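The values are calculated or read from the model by the stated rules, or taken from the named source; none is laboratory data. These numbers come from a predicted model, not from an experiment. We place every Cβ from the backbone using ideal geometry, glycine too, and count neighbours over all the protein chains shown. Ligands, DNA and RNA are stripped out before the accessible areas are found, and what is left, the full protein with its side chains, is counted by its heavy atoms. Shrake-Rupley method; radii C 1.70, N 1.55, O 1.52, S 1.80 Å.
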Amino acid sequence: MDRSRERIRQGRKRFLKKARPYILGGGILLTIWWYFSIPSQIFDVPYATVTESWDGRLLGARIASDGQWRFPPPDSIPEKFATCLIAFEDENFRQHPGVDPIALIRALGQNISENRVVSGASTLSMQVIRMSRRNPSRTYFEKLTEMLRATRLEARYTKDEILLMYAAHAPFGGNVVGLDAASWRYYERPPELLTWAECAALAVLPNNPSNIRPDLNQDAFLSKRNFLLQKLLENDEIDSSTYRMSILEPLPNEPHPLPNKARHLTERQVREFPGTRIRTAIDGAWQDWVQYIIDGQANRWRPNEVHNAAALVMEVETGKIVAYVGNTINPESDAFEVDMLNEPRNTGSVLKPFLYAAAMEQGLLVSSSILPDIPTRIGDFTPENFDEAYRGAVRVDEALQLSLNIPAVRLLREMSLPTFTKRLQKLGMEDLVYSSGHYGLSLILGGAEIRPLQIARAYRNWILPSYENDSVYDVWGNRELNPFESDGSWNVHQVLQIMEGLNRPQRWQGFGSVSGRRVAWKTGTSFGYRDAWTVGTDGRWLVVVWTGNASNEGRPGVIGTETSSPVLFEILSHLPQGEFYESPPAYETIEICAKSGYKANRNCIETVSQNSPTGRLQLCSYCERLYINDSGERVNLGCDQNAKDTSMIILPPAMAWYAAVSGQNFDVLPTWSQDCAGSSELAVQWIYPEDNGETVRLTRDFDGSYGPVILEAGHQSQESTMYWSVDSKYIGETQGLHRIEVILQPGEHVLTITDEYGNSSYRSVRVVR
């Protein structure tokens, strides 16, 4: 007997000795398999695209590519839901390592007694593994690997992270996946606002979503929910009062449609960032209001075949967009699905404030400076004012408030088009992708197409350049640097003050007068009445409004002041009042000519003092020293010793003539005394061609023939007569309005104008076809 036992012991020893390497190797292999048994990304599934407001409310969502309403995982889940879920699915979740031995023993006993599988003892960790593996067939081997993988999951992630995985990927009936989607689809609010009864209802759904869901087996659904509520009461998670109220709450029925408050922004997110959850800065209530206003705008103008409108509201200090309405959502409007805030549109006159502020920064002018408003032709470009009138001379503030085109074009030519274009690009107008020569001087009148989003960003950067706030936020809430640097904030403030003086729509004349709310705003209208803009700010908010047709069809009445301005003031009336911008300090004082608005020269009699940050300003070129005799005639000092020494503002002839015609009160240059005549070099002036050596291009008429060239000049006197000649050949005379048509052949020509006093001016031109 002893010998037999010894042989058995020796045999076992030899077996273990031979098997030890295999056991050790198998253990190592199992450990390696266990370590790599779960992928680095547990769930490889497509997600819905979700747009949220600043406070986490759902603005809009688009279904995942696999047809499931599966929201991207949130940062956390509500404690109420976590409590309900653990109580119903895995009571020992916080204690076990991924596998619950107690549950396994209990399940084994139940299955044996029932002679069938009635319990799988799956923990939440095991269910996460099963969901991540797309619910493979239930076998004992699969169950074993599921357990092992669950322990690996627990080794890598915290309990809260595992709960989050489950809540984000559990099925809740139909194509609703995840707690967030279920909360919005069944209760129309975020999980954080669910009651105990609602959390309990959702917690029991993943257990058997194909047989028990809101639209199927309501009795069984109610029984499970109330069972869980009873369990919560027994576990002291809720009190008896909460329990009694909870069991009376109704169950959800059919899934609700998801909110679609920011339709165009969500569609844009689908294109640019599909399958993401983005918390924007948008305020849900303001978004609703602005959408309501834009829909009303589209409805009012639809009878005129104007179908589209868009608006955004930006917080100036941060650059955050708090309302984003890309279009009306009324399907009766053509192209209502197009996001017009992100479509390049003709800018009209909305760039003019940037021009005048830049000119002030360069010392070219101030708000009271006068600019020429006379017929102008630059090559083939002939700008016209909207009212087709000429004022001769116009102050900067009036030119901007009336949005006059000719003074802006002439100023841009003086400033340098390339410099101004680069300035706009640095402000954030990325749609300006071509060289300045591509746009030409028409850039300031709408010669470029820029998205309303970029216009808003540029205005914000212009108002608060980088030295005041070195970063802003894009529409998705991401910080971005503001590259625009300027020492011209004082000049920007001067322009904003001018913009306050625009004539408001009739209904909004008194807006802000009681509360002291100040609004600086600017309109723009594109050629052909295709785009109507209004941009405005009260210091806290910046509002951009666009109206027109996505198809680019122009319609009568599509004018900034008519269609977009009322919308801007309507939007501002629903926003909290802001503090208007304080004027930055100016450390220099300069004397300015009271009549011309330029730095006073020694001949300027009337002057005013004005603050300036730099003291730079162009010298007045209009005031001249004159000698007047007792008859009020102009003389030379040498021939009349008793002449009065005075100074007058002398406008160039073209400016003087149109200023007089428009009723402007400028000095009239006295005529020379016949007894003491002098030079009258300022009496006549060419308007077109303006410069010597200019190239004149012939244009074709409708019949294909080349039409005449229209020559134009100005004279100091309204009653003067002008005599015209080409290459010393007389061609006619004009009185009052000095404009004449002439047929010119290609080649070099010399043009001459002479008044009745013999004052002449010449222009050499080259005519081409």
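Here are a few candidate values for volume of the Cα convex hull per residue in Å³: [x] 213; [y] 543; [z] 269. Which one was actually calculated from the structure I just gave you? The value computed from this structure is option [z].
A 1.4 Å probe, protein heavy atoms only, puts the accessible area of K13 near 130 Å². Of the chymotrypsin sites (Phe, Trp or Tyr not before Pro) in region 13-104, the ones in a loop by DSSP (not H, G, I, E or B) with at most 11 other beta carbons within 10 Å are F36. Mean residue ellipticity, 222 nm, helices only, the chain: the sum of -39500 (n - 2.57) across DSSP H runs of n ≥ 4, divided by residue count and rounded to 500, is -10000 deg cm²/dmol.
When each of the peptides 368-379, 584-595 is scored by how many other beta carbons lie within 10 Å of its residues on average, the order from highest to lowest is 368-379, 584-595. Computed over protein heavy atoms with a 1.4 angstrom probe, the accessible surface ordering of H749, H738, largest first, is H749, H738. Over region 68-227, the ratio between the Cα radius of gyration and 2.2 N^0.38 Å evaluates to 1.02. On the beta carbon distance between E741 and F386, with R0 = 22 Å, the FRET formula returns roughly 0.30. Membrane-span-like helices in the chain (whole DSSP H runs, Cα extent of at least 18 Å along the helix axis, mean Kyte-Doolittle hydropathy of at least -0.5): 101-114, 218-234. Solvent exposure of D630, expressed as accessible area, is near 150 Å², computed with a probe of 1.4 Å over the protein chains only. Note on region 714-750 and region 299-325: Cα centroid distance 51 Å, given to the nearest whole angstrom. Our note on the geometry: Cα centres of region 630-667 and region 171-230, 90 Å apart.
Computed from label points 7 Å out along Cα-Cβ, the spacing between T276 and E606 is 6.0 nm. For the pair Q95 and D288, a Förster radius of 51 Å applied to the C-beta separation gives a FRET efficiency near 0.60, rounded to the nearest 0.05. Rolling a 1.4 angstrom probe over the protein heavy atoms with all chains in place gives the chain an accessible area of 47 Å² per residue. Extension gain for E332-R5 works out to 108.1 nm (0.36 nm per residue, less the C-alpha to C-alpha distance). If you plug the beta carbon distance of K644 and K422 into 1/(1 + (r/R0)^6) with R0 = 60 Å, you get a FRET efficiency near 0.75.
Here the chain exposes an accessible surface that is 50 percent carbon and sulfur, computed with a 1.4 Å probe and the other protein chains kept in place. The candidates W196, W724, W490, arranged from most to least accessible area with a 1.4 Å probe in the full protein assembly, appear as W196, W490, W724.
Were the residues from I102 through L193 laid out at 0.36 nm apart, the gain over their Cα-Cα distance would be 29.3 nm. Select from N611, L572, T561 the residue farthest towards the positive end of the dipole of region 548-611; place +1 on Cβ of Lys and Arg, -1 on Cβ of Asp and Glu, and compute about the Cα centre. Highest projection toward the positive end goes to N611. What you get for the chain, charging only the Cβ of Lys and Arg (+1) and of Asp and Glu (-1), is a dipole of about 5560 debye around the Cα centre. Length gained on full extension, E249 to K13: 78.1 nm, using 0.36 nm per residue less the C-alpha separation. Each peptide in 600-607, 401-408, 348-355, 418-425 receives the mean, over its residues, of other Cβ atoms within 10 Å, and ordering these scores from highest gives 348-355, 401-408, 418-425, 600-607. Projecting the Cα positions of L202, Y757, G632 onto the charge dipole of the chain (unit charges on Cβ atoms of Lys, Arg, Asp and Glu, taken about the Cα centre) puts L202 furthest along the positive direction. In this simple spin-label model, placing a label point 7 Å from the Cα along the Cα-to-Cβ direction at both T31 and E719 gives a separation of 11.5 nm. Put a plus charge on the Cβ of each Lys and Arg, a minus charge on the Cβ of each Asp and Glu, and nothing anywhere else: the dipole of region 320-391 about its Cα centre is then about 420 debye.
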